[in-house]
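A short worksheet on the structure shown next.
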Amino acid sequence: MIPELGNFALILAFLLSILLSVIPMAGAERGNLLWINLARPLTAGVFVFLSISLLILGYSFVADDFSVQFVANHSNTMLPIYYKITAVWGGHEGSFLFWTWMLGGWMLAVCIFSKAMPDEFVARVLSVMGMLCVGYILFMLATSNPFDRVLPLSPEDGADLNAALQDFAFIIHPPSLYMGYVGFSVVFAFAIAALISGRLDAAWARWCRPWANAAWAILTLGLSLGSWWAYYELGWGGWWAWDPVENPPMITWLLGAAMIHSLAATEKRGVFKSWTVLLAIMAFASSLLGTFITRSGLLTSVHAFATDPTRGVYILVFLALIIGASLILYAVRAPSLRSEFGFGSLSREVFLLSNNLILVVASAAILLGTLYPIVYQAMTGGELISVGPPYFNAIFFPLMAILAALMAVGPISRWKKTSPEHLRTQLAKVAIAAVVLGVLIPVLLTLELPLGVIATTILAFWIIFSMLKDIRSKIANKPTIVAGLRSLPLSYLGMTLAHFGFVITMAGACLSSIYSIERSVLLQAGESTDLGAYNFRFEGTRPVQGPNFIADEAVVVVSRGGEFYKNLYPQKRLYTASGTPTSHMGIDGRFLRDLFTTLGDQRENGAWSMTVYVKPFVRWVWIGTIFIAFGGILAASDKRYRQFKVKQAQKLARMAGPVADNSKTSPAMTSGMDTGGSGA
Amino acid sequence: MKPHRRKKLGIIIFIAAGLGTAIGLSLFALSNNIDLFFTPTQVAAGEVTPGQRIRVGGMVKEGSVEHDQDILEVSFITTDYNHDVRVHYAGILPDLFREGQGIVAEGSMSPDGTFIASRVLAKHDENYMSVEVKAALDAAGNTTGMPPGAMR
C-alpha cells in the first residue's frame with residue numbers, strides 16, 4: 001500500500017508541475033497578477049509531493065519491501081542501514097527520482113531567494129523549470145517508475161546494492177554531482193525567461209550570477225568527489241580516466257566556468273549578452289546529454305546503468321525538444337539583445353573572451369572525443385573504435401596551459417581598455433620572479449632539469465604572484481592588511497580563491513602525472529619489493545568478516561630507509577549476496593604524497609599479485625577543487641546580489657549610463673572585479 | 001568601415017582563427033589516437049598489423065586462464081566461439097574478470113600471433129556486457145553456441 005502512495009504523490013507532483021508550467025507563464029504574458037502569484041505555491045506543492053515520493057521510496061528500502069522491484073534489485077536485508085537509505089540513488093529509477101527531487105529543491109530555492117526579482121520574472125523562471133519537471137516525471141511514470149511492484153511473487157530477499165557502490169563516497173558523490181548538475185537548469189530557466197520577456201540587462205545578469213556560481217561550485221565538488229572515489233575505489237591508480245561518463249560533467253563544468261566569466265562581463269559591461277545566454281543553454285544541454293549517455297547505455301562505461309532502449313529514445317526526444325525549442329527561441333530573440341562593443345583590443349573583455357574561447361574549445365574537443373565512437377560506428381556501418389586518454393590529454397593540457405598563462409593577466413587588466421604600459425608595470429616583476437623561482441626551485445630540489453615540472457612551477461608562480469600583486473595594489477591605501485582584506489568584496493575574494501584552487505589542482509595534476517611510479521609484482525608471504533624510497537613487505541593475508549562481505553586482507557609493511565613506517569591493509573572482498581568480488585585499496589594519504597597498494601589474486605602456490613604505487617602531490621588535485629568550490633560559493637554569497645529591490649530605483653538610474661560611470665572611476669577601482677554600479 | 005564594425009569583425013576573425021586552429025588540432029590528435037576494435041575472427045583473418053595499438057574483445061574461454069607461478073604474467077584465450085586469440089598480460093586482472101565473461105583487452109599483436117595486452121577491461125556490473133564484446137559475438141554469428149548465462 002505505501003509504495004502506491006509514493007506513486008500517487010509522484011502523479012500529483014506531475015499534475016502540479018503541468019499547472020506550474022502553464023499558468024504562471026501565461027500570467028506573466030498577460031499581466032495577470034493572480035496567475036503570476038500562483039508560481040510560488042505551485043512550486044512548493046511540486047516540491048512537497050516529490051519529497052513525499054522520495055521519502056516513501058526511502059522508507060521502502062529501510063523496511064526491506066522487496067515487493068518493490070527497484071528495492072528488490074538494489075537492496076538486501078544484510079545491507080547496512082546507511083546504504084539502504086542511499087541505495088535510493090543506487091540505480092536508474094531511484095536516482096532519477098532523486099534527480100527530479102533535486103530540481104524541485106532548486107525550484108524551491110528560487111522561490112525563497114528571489115525576493116529581489118520582479119514576481120513576473122520569477123513566474124517565468126519557475127514555469128520553465130516546471131516544464132523540465134513535467135518532462136522528468138513523465139519519463140519516470142512512462143519508462144522507469146521506481147514504485148513498480150513484483151507481485152504476487154515478490155522475492156524473499158533483495159539482489160543487493162552493486163558492490164562497487166558500497167562505499168562512503170557513494171553517500172556524498174551522487175547528491176553533490178546531481179545538485180550541481182541540476183543547478184544548471186536554474187540558469188537555463190533564467191536564460192529562457194530572459195529570452196521570452198526580452199529583458200536581458202545588467203540586472204538580469206546580476207540575478208543570474210549567484211545561481212550560476214552556486215551550481216558550478218557544487219558541480220566542482222561533485223566532480224572532485226567522483227574523481228577521488230574513482231581513485232581509491234577502482235584501484236588503477238589514476239584519478240581521471242576520460243571515461244565517456246566522466247566527460248559530460250566535465251563538459252558541463254567547463255561550459256559553466258565559461259558562463260560565470262561571461263556573466264561577469266555581461267553584468268559589469270553589458271557585453272556578450274547573447275553569448276552568455278547561448279552558454280547557459282549549452283551548459284544545460286550538456287547536462288542533459290550526460291543524463292542521456294549514462295542512462296541510454298549507448299557508450300560503454302563504468303557508470304552505465306542497465307540498458308533499455310526506450311529510455312534512451314525518450315531522453316533523446318526530450319533533449320531534442322528542449323534544445324530545439326531553446327535554440328529556436330534564441331534565434332528569434334537573440335538579434336534583439338544588443339550588446340555593447342565598446343572595448344579595446346587589450347581589455348579585460350578580450351581576456352574574458354579568450355577564457356571563453358579556450359573553455360568552449362576544450363569542451364567541444366572533449367565532446368568530439370566522447371561522441372566520435374558513436375558517429376564512427378554509424379558512418380562505417382558498425383566498426384567499433386575507442387578514443388583513449390592520449391587524445392584527451394593531447395588537447396586538454398595545452399589548452400589549460402594557455403588558460404593558466406592568461407589567468408594571471410585577465411584579473412589585473414582593466415575593463416574597456418588596458419594600456420600595454422599598465423600590464424607591463426603590473427606584471428614585469430611578477431614574470432621575472434615566476435621564471436626565476438620556477439626554474440630554480442625544481443632544479444635545486446631535483447638536481448636535474450625537469451622541463452615539465454619547470455613549466456608547471458613557472459605557471460603556478462605566475463598566477464599566484466599576479467594575484468598577490470593585484471590584492472596588494474587594491475589594499476595599498478588601507479591602514480593594515482587585515483583591514484584591507486576585509487574591505488575587498490566577497491565576489492573578488494571568491495574569484496581569487498577559485499583561481500588559487502585552480503593553481504593547486506593544476507600543480508597536483510601535472511606533478512603527480514610526472515612523478516607517479518608503480519610496480520606490479522607477485523609476492524609470497526615474507527617477500528618484499530622496493531619502489532622509490534619505500535620498501536613494501538608482504539606479510540601474508542588474513543580473513544576478515546564485514547557486515548555483508550568476506551575478505552582476504554593483506555598486511556603490507558612499509559618501511560623507508562630500513563625503518564618501519566606504516567602498515568597498509570589492502571583487501572580482496574567478496575560480497576556474499578551478489579557474489580561480486582571487489583578490491584579495497586590500502587592507502588596512506590599525505591599532503592605531499594600517497595602510498596597506494598592494491599591486492600590482485602592468489603596463485604596456486606600461495607603467492608599474491610599486487611600493485612604498489614607512490615603518487616606524489618596527488619592530493620593537491622582534490623584540495624585545489626575545494627578552494628575552487630569554496631571560492632564559487634563565496635562569490636555567490638556576495639550581498640550585493642541581494643540588495644537589488646531596496647535600491648532598485650537608484651540602481652536603475654545608474655545602469656542607464658554604466659559606460660560613462662565606469663570611465664570616470666579611478667584606476668584602482670576599475671582594476672577590481674567589483675566595479676560598475678556596485679561601488680557604493 | 002565604421003570603427004565598431006571593424007572591432008566586431010576583428011573579434012569574429014579572432015574567434016574563427018582560434019576555433020579553426022583548435023578544430024584542426026583536435027582532428028589531428030583524434031586521427032592519431034583512435035583504437036580500432038577487432039574481433040577474434042578478424043584477428044584470425046589477419047586483418048591486424050602487428051605492433052598497431054588495437055582493442056580485442058570476446059569471452060574468456062573456459063579453462064584457458066594460465067597463471068604463471070613465478071612471475072606476474074597471466075595468459076588466457078579470448079574467443080567469439082569461432083576463433084581464439086591468446087592474450088598475454090603482465091598485470092592485475094580486474095575484479096570481475098573470470099572465465100566465461102566478456103572482456104576487452106587493449107594492446108597490440110605480436111608477430112607470433114599472440115596478443116600482448118597493456119590493459120584488460122571487464123565490466124563493473126556483471127549483468128552487463130560490453131557493446132564491443134556483444135558485437136564480437138554477434139559478428140561471429142555464434143551466440144547459440146555460448147554457455148548459458150554468458151549472454152545475460
Practice problem: Assign one of three labels to the stretch A:68-144, namely rounded, prolate or oblate, based on the Cα gyration tensor with a ≥ b ≥ c the square roots of its eigenvalues; rounded applies when a/c is under 1.5, prolate when it is not and a/b is larger than b/c, and oblate otherwise. | Solution: oblate
Self-check item: Anisotropy class of the stretch A:351-434 from Cα gyration tensor, a/c 1.5 cut
Solution: prolate
Quiz prompt | Calculated from backbone phi, Karplus (6.51, -1.76, 1.60) coupling profile of the stretch B:55-67 in Hz, x at Gly/Pro | solution = 10, 10, x, x, 8, 7, 5, 4, x, 9, 7, 10, 8
Quiz item: How high is the relative contact order of the stretch A:77-171, given as a whole-number percent (alpha carbon pairs under 8 Å, six or more residues apart)?
Solution: 45
Quiz item: Which residue, chosen from A:Trp462, A:Ser473, A:Val503, occupies the Cα position most advanced towards the positive end of the dipole of the stretch A:452-544, where the dipole is computed from +1 (Lys, Arg) and -1 (Asp, Glu) charges on Cβ about the Cα centre?
Solution: A:Ser473
Quiz item: What area, in nm² and to one decimal, does the C-alpha convex hull of the stretch A:517-619 cast on average over all directions?
Solution: 7.0
Quiz item: Among rounded, prolate and oblate, which fits the stretch A:217-411 when a ≥ b ≥ c are the square roots of the eigenvalues of its C-alpha gyration tensor, a/c under 1.5 means rounded, and a/b larger than b/c means prolate?
Solution: oblate
Quiz item: So what are the ³J(HN,Hα) numbers for the stretch A:591-605, from phi and the Karplus equation (6.51, -1.76, 1.60; θ = phi - 60°), rounded to whole Hz, Gly and Pro as x?
Solution: 4, 9, 6, 10, 9, 9, 10, 10, 9, x, 10, 9, 8, 4, 7
Practice problem: Using only the alpha carbon atoms of the stretch A:1-161, find the Kirkwood hydrodynamic radius as the inverse mean reciprocal pair distance, in angstroms to one decimal. | Solution: 16.3
Quiz item: In percent, how large is the relative contact order of the stretch A:217-411, given Cα pairs closer than 8 Å and 6 or more residues apart?
Solution: 23
Self-check item: Long-range HN-HN contacts of A:Trp415 with modeled amide H, under 5 Å
Solution: A:Arg348
Practice problem: Assign unit charges at the C-beta atoms only (+1 for Lys and Arg, -1 for Asp and Glu), then state the dipole size of chain A relative to its Cα centre in Debye, rounded to the nearest 20. | Solution: 3500
Self-check item: Peptide B:62-68 - average C-beta neighbours from other chains (10 Å radius)
Solution: 2
Quiz item: Where does chain A land at 222 nm, in deg cm²/dmol rounded to the nearest 500, when only DSSP H runs of n ≥ 4 count, each adding -39500 (n - 2.57), divided by all residues?
Solution: -21500 deg cm²/dmol
Self-check item: Residues with amide H under 5 Å from that of A:Val271, placed H, sequence gap 5 or more
Solution: A:Thr266, A:Glu340
Quiz item: Around A:Val68, which amide H atoms from residues at least 5 apart in sequence, or from another chain, sit under 5 Å from its own amide H, with H modelled in the peptide plane?
Solution: A:Val150
Quiz item: Given Cα pairs under 8 Å that are at least 6 residues apart, what percent is the relative contact order of the stretch A:331-443?
Solution: 38
Quiz item: Given A:Leu371, A:Leu357, A:Val387, which one lies farthest toward the positive end of the charge dipole of the stretch A:332-436, if we put +1 on the Cβ of every Lys and Arg and -1 on the Cβ of every Asp and Glu?
Solution: A:Leu357
Quiz prompt | Contour excess over end-to-end distance, with Cα ends at A:Thr446 and A:Arg542 and 0.36 nm allotted per residue | solution = 30.5 nm
Exercise. Calculate the all-directions average of the projected area of chain A's alpha-carbon convex hull, and give it in nm².
Key: 33.8
Exercise. Take the cross-link list A:Lys268/A:Lys474; A:Lys416/A:Lys639; A:Lys639/B:Lys7; A:Lys469/B:Lys8; A:Lys115/A:Lys273 and give me the ones stretching past 28 Å between alpha-carbons.
Key: A:Lys639/B:Lys7; A:Lys469/B:Lys8
Self-check item: Positive minus negative residues near A:Leu531 (Lys, Arg vs Asp, Glu; Cβ under 15 Å)
Solution: +1
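Coordinate-derived values only; no laboratory data. Fair warning: this is a prediction, and the values are worked out from it, not measured in the lab. Virtual Cβ from ideal backbone geometry, glycine too; neighbours counted across all protein chains shown.
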